[in-house]
Amino acid sequence: MTKLFKFLSYFSSFFLFTSLSVSASSVSIPFDENSNVIIQEEEIKKGKRLFNNSCAVCHVGGVTKTNPNVGLDLKSLTNATPPRNTIISLINFMENPTTYDGLEAIAETHPGIKSADIFPKMRSLTNDDLYSIASYILAQPIVNPEKWGGGKSHY
């Protein structure tokens, strides 16, 4: 069992719920294929700060500057191979990025934990930070649906 999996299993055991009403200060997002997690507003704010520092250069507003056809909207994340529409799958992608079709590793051109020597902003990210970034990305279609993936027309 990897350290990340142990961490996430421990962490998620406190936050997994199957059916819970969600307030304006929290959202329910997919943790893995079988369960959701409730993310509080503070976690989303932390994820936003980390996202803006590490990812927003290329993904401002949920778009991908290098390929506007593939963004961080839920449809694009779901249609990727493998899908990147859960916290676990996004963390896996941030650790070992692959092309949208999943056929090629792209760690030398896309920031990831595996390529932290090439992309210095990835060096200091912890497992908890990756969880926060993934949570922020998945929460945006819920808390900010008009702007997420809208590009410059909204920012």
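Bear in mind that the values in this text are calculations on the coordinates, not laboratory data. Values in this document were obtained by computation on a predicted structure and should not be read as measured data. With ideal geometry, Cβ positions are generated from the backbone for all residues, glycine too; neighbour counts draw on all protein chains shown.
Worth pointing out:
- Label sites at L103 and E33, each approximated as a point 7 angstrom past Cα along Cα to Cβ, lie 2.3 nm apart.
- At R0 = 25 Å, FRET efficiency that the Cβ-Cβ distance of N79 and E146 yields, to 0.05: 0.70
- All Cα-Cα separations within region 49-92 were binned at 10 Å from zero, giving a P(r) of 28, 55, 16, each value a whole percent of the pairs.
- Trypsin sites (Lys or Arg not before Pro) within region 104-149: DSSP coil, no more than 13 neighbouring Cβ in 10 Å: R123
- Ellipsoid semi-axes in whole angstrom, largest first, where each is sqrt(5λ) of the Cα gyration tensor of region 55-155: 20, 15, 14
- Local electrostatic count at T78 - Lys and Arg +1, Asp and Glu -1, tallied over other residues with Cβ under 15 Å: -2
- Packing-based ranking of 134-140, 73-79 yields 134-140, 73-79, ordered from highest to lowest mean Cβ neighbour count within 10 Å.
- Between D128 and E41, the modelled labels are 2.2 nm apart [label points 7 Å from Cα along Cα→Cβ].
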